[in-house]
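Everything on this sheet refers to the single structure shown next.
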Amino acid sequence: MAVRTYGYRSAGADPMPTDAEIDAQKEADRQARRQTIALNKKADAALKVRREKIGEYLSRKTLPKGAVGAVAEFLASTM
């Protein structure tokens, strides 16, 4: 009589990761999350500066030369 095996892995599948590999992956995930948080903070700070600059431009009587495109692009991308 043949023995049947039931499982979640197909023949030839990679073996289970070792504890060291799991720890390395967790640390890589933590580092990626830290980098994402840092980049989000920088993006928020840059957006504040851009908004202040756009506010200065729009409060002027006339825009500086070449600023029309930058102002239009900013307004289109943030609104």
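The values are calculated or read from the model by the stated rules, or taken from the named source; none is laboratory data. Computed from a predicted model, the values in this text were never measured in an experiment. No Cβ is skipped: glycine too gets one built from the backbone with ideal geometry, and neighbour counts run over all protein chains shown.
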Next item on the list: Return the pairs, sorted by first residue and then second, in which the second residue is in a helix (DSSP H, G or I) and not hydroxyl-bearing (Ser, Thr, Tyr), the first residue lies in the range 50-68 and is under 20 Å from residue 78 (Cα atoms), the beta carbons are less than 7 Å apart, and the residues are 6+ apart or on different chains.
Entry: 50/74; 54/71; 54/74; 57/67; 57/71; 63/71
Next item on the list: Could you please let me know if residue 27 is at pLDDT 90 or above and surrounded by 10 or more Cβ atoms within 10 Å (Cβ to Cβ)?
Entry: yes
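Does at least one position in the range 56-75 carry a residue that is out of contact with any strand residue (DSSP E or B) (no Cβ under 7 Å at 6 or more places or on another chain), at pLDDT below 90, part of a helix (DSSP H, G or I) and exposed (fewer than 10 other Cβ atoms within 10 Å of the Cβ)? Full working, then the answer.
Our first condition is that a residue be out of contact with any strand residue (DSSP E or B) (no Cβ under 7 Å at 6 or more places or on another chain); within the range 56-75, this holds for 56-75.
Then keep just the ones that are at pLDDT below 90; that gives 56-75.
From what is left, the residues that are part of a helix (DSSP H, G or I) are 56-59, 67-75.
Narrowing further to those that are exposed (fewer than 10 other Cβ atoms within 10 Å of the Cβ): 59, 69.
Yes: one or more hits.
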